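The values are calculated or read from the model by the stated rules, or taken from the named source; none is laboratory data. In this text, all values refer to a predicted model and were calculated from it rather than measured experimentally. Please note: Cβ atoms are built from the backbone with ideal geometry, for glycine as well, and neighbour counts cover all protein chains shown. Accessible surface areas use protein heavy atoms only, side chains included; no ligands, DNA or RNA. Shrake-Rupley method; radii C 1.70, N 1.55, O 1.52, S 1.80 Å.
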Amino acid sequence: MEYTPRELMVVCAARQIRDGERVFVGMRLPLLAFALAKRTHAPNCVGIFETGLIRDTPARELLYTMGDAPNICGALWATSTINVIGLMAAGEIELGFIGGAEIDRYGNLNTSLIGNWQQPRVRLPGSGGGADIASLAQRLAIIMPHERHRLRERVDFVTSPGYGYPDEQGPAGVAWRQRVGLPRGGPAVLITTLAVFTFDPTTGEALLQSYHPGSSIEQVQEQTGWPLRLAPDCAETVPPTPEELRVIRECDPHGVWTS
């Protein structure tokens, strides 16, 4: 079956959700990924939304924002942002979704500015809770377009920490997060329009896990601002199944998020 790049990204995101997990759901594609996982391989997962909503069923209608009425109706708990962030601080959230304008080879994300922080060329929206998710969730899943100016050797500003950078005190990776006082977590996966990356926890570096059908390792490298490292089992991304596509298209029949 034919499918769009965004439909494949939704499938890759949904495959990160394990049954029974509490998932901090982000905007746009993660909304569909939660619904897809819930209706296929992870029926017992629970969605947490930064507006203060917790659901054990996907909304009945397509969501344009997290605060839409269909997301409130039938929620297990309609509380405040601070309460759901508190769950994350307590280690109760297994997986969090996030996006960004820029990312580097160590999974550090920028959503603040482009250029020198004192006189930036572009001002971006800022954290919006992204730093909390990146710091406190047990695993972090990142979703963003794959363009060379976005995947950089080093981002202009670290809004949401990944695995830091090597410094005089030691390497990047899990060791860096421990040095700066982040109790858990770190990027587990980066899903782009061309590929899927995982991360080496020892070095913190991104590893090319798979390249999407129609792309190649060479094309991914051309659009990536650092020398690629390949995962030992790097291969082509497994395409969506007919059932996965059916569920996505039932949730987003007009392709608002996936066209």
Residue tally, condition closer than 12 Å to THR159 by Cα and in a loop (DSSP other than H, G, I, E, B), over segment 113-137 = 7
Of the conditions (1) among the polar types (S, T, N, Q); (2) within 28 Å of LEU31 (Cα to Cα); (3) touching a Leu at 6+ places or on another chain (Cβ under 7 Å); (4) free of Cβ contacts under 8 Å to residues at least 40 places away in the same chain, THR224 fails just one. Which one is it?
-> (4)
Log entry, pairs with first residue in segment 165-178 being more than 24 Å from ILE133 (Cα to Cα), second being assigned to a loop (DSSP other than H, G, I, E, B), beta carbons closer than 7 Å, six or more apart or on different chains, reads none
Which numbered condition VAL23 fails, given (1) out of contact with any helix residue (DSSP H, G or I) (no Cβ under 7 Å at 6 or more places or on another chain); (2) under 20 Å from ILE248 (Cβ atoms); (3) open to solvent by less than 40 Å² (accessible area, probe 1.4 Å) | (1)
Which ones in segment 28-45 are without any contact (Cβ under 8 Å) to a residue 40 or more places away in the chain and in a loop (DSSP other than H, G, I, E, B)?
-> HIS41, ALA42, PRO43, ASN44, CYS45
Among the candidates ASP233, ASP200, ASP156, ASP167, single out the residue that is within 18 Å of the chain's Cα centre (by Cα) and at negative phi.
-> ASP200
Does any residue of segment 46-63 turn out to be among the hydroxyl-bearing types (Ser, Thr, Tyr), assigned to a helix (DSSP H, G or I) and more than 30 Å from PRO242 (Cα to Cα)?
-> no
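Step by step: first the residues of segment 48-86, then only those that are charged (D, E, K, R) and more than 20 Å from ILE17 (Cβ to Cβ), then the one that is surrounded by the fewest Cβ atoms within 10 Å (Cβ to Cβ). Which residue is that?
Filtering first and then ranking leaves GLU61.
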Counting just the residues of segment 213-224 that are over 21 Å from GLU102 (Cβ atoms) and not aliphatic (A, V, I, L, M), which one comes out most open to solvent (accessible area, probe 1.4 Å)?
-> GLU218
Output for segment 179-213, where each listed residue is without any contact (Cβ under 8 Å) to a residue 60 or more places away in the chain and among the β-branched types (Val, Ile, Thr) | VAL180, THR198, THR202, THR203
Among residues belonging to segment 97-150 that are hydroxyl-bearing (Ser, Thr, Tyr) and without any contact (Cβ under 8 Å) to a residue 60 or more places away in the chain, point out the one that is most open to solvent (accessible area, probe 1.4 Å).
-> SER127
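Residues are listed down the side, and each one gets a yes or a no for (1) of a type in the set (Phe, Trp, Tyr); (2) out of contact with any strand residue (DSSP E or B) (no Cβ under 9 Å at 6 or more places or on another chain); (3) open to solvent by 70 Å² or more (accessible area, probe 1.4 Å):
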position: VAL158; (1), (2), (3): no, no, no
position: GLN169; (1), (2), (3): no, yes, yes
position: ALA188; (1), (2), (3): no, no, no
position: THR192; (1), (2), (3): no, no, no
position: TRP226; (1), (2), (3): yes, no, no
position: PRO239; (1), (2), (3): no, yes, no
